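The numbers here are math on the coordinates, done by the rules we state, and not lab data. Because the structure is predicted, anything quoted here is derived from the model rather than measured. Quick reminder, even Gly has a Cβ in these numbers, built from the backbone with ideal geometry, and neighbours come from all protein chains shown.
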Amino acid sequence: MRYPDGGGLTAKQRAQREQVRSEAAELFAQGVAPPQVARRLRISRKSAYAWHARWRDGGAEALRSKGPPGQPSRMQPHWRDWLAAELEKGPAAHGWVEDQRWTVARVATVIARRFHVRFSTAQTWRILHQMGFSVQVPVRRAAERDESAVATWLKETWPRVERR
């Protein structure tokens with residue numbers, strides 16, 4: 001099964017799914033057949049039969065969540081606090097003076113320098129996304145830009161050009 005945003009279930013979603021499985025275990029204990037469990041809990045019959053088989057072999061404990069899939073992240077929680085503080089300092093504090101923009105590759109380099117752990121750009125982006133950062137594109141405007149002239153052009157000239 002594929003999930004949006006390239007990830008699995010959140011802790012809250014896993015807890016909700018586990019709640020449904022525990023309700024199914026209670027219904028199985030009462031003698032309710034898998035098709036009726038599927039109807040009552042609004043799950044697929046296939047899941048109901050699979051859960052019933054697991055429940056029959058191991059009881060309600062067999063239907064408990066095994067936690068998030070995959071390996072745990074090497075990015076420690078206290079590293080994230082440090083990284084957020086370093087990102088606030090800006091790229092110049094880490095040696096990039098020619099351009100004052102953070103890139104994912106630069107963030108990965110900062111992490112590698114400090115913690116001696118290399119993350120791919122994709123993993124670094126996931127870490128930043130989990131920390132609440134998003135893509136920021138700098139506004140490219142000339143320093144000499146005259147806002148009143150632009151507003152006048154948009155109001156008077158653009159409607160005439162657009163009609164054509």
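Observations on the model:
- Three-way shape label, segment 1-97, alpha-carbon gyration tensor, a/c 1.5: prolate
- Packing-based ranking, highest mean first, of 30-40, 69-79, 105-115 given that Cβ atoms within 10 Å are counted: 105-115, 30-40, 69-79
- Simple Cβ-charge dipole of the chain, Lys/Arg +1 and Asp/Glu -1, about Cα centre, in debye nearest 20: 740 debye
- Estimated inter-spin distance, Ala142 and Ala85, nm [label 7 Å along Cα→Cβ]: 4.4 nm
- Reachable lysines from Lys66, criterion Cα separation under 29 angstrom, eight or more residues apart if same chain: Lys12, Lys46
- Chain lengthening between Val97 and Leu9 when straightened (0.36 nm per residue, less Cα-Cα): 27.7 nm
- Size of charge dipole - segment 4-63 - debye, nearest 20, with Cβ of Lys, Arg +1 and Asp, Glu -1, no other charges: 260 debye
- Sites count as exposed loop sites when they are GluC sites (Glu not before Pro), lie in a DSSP loop, and have at most 16 other Cβ atoms within 10 angstrom; the longest stretch of the chain without one is 1-97.
- Anisotropy class of the chain from Cα gyration tensor, a/c 1.5 cut: oblate
- Based on Cα contacts under 8 Å between residues 6+ apart, the chain shows a relative contact order of 13 percent.
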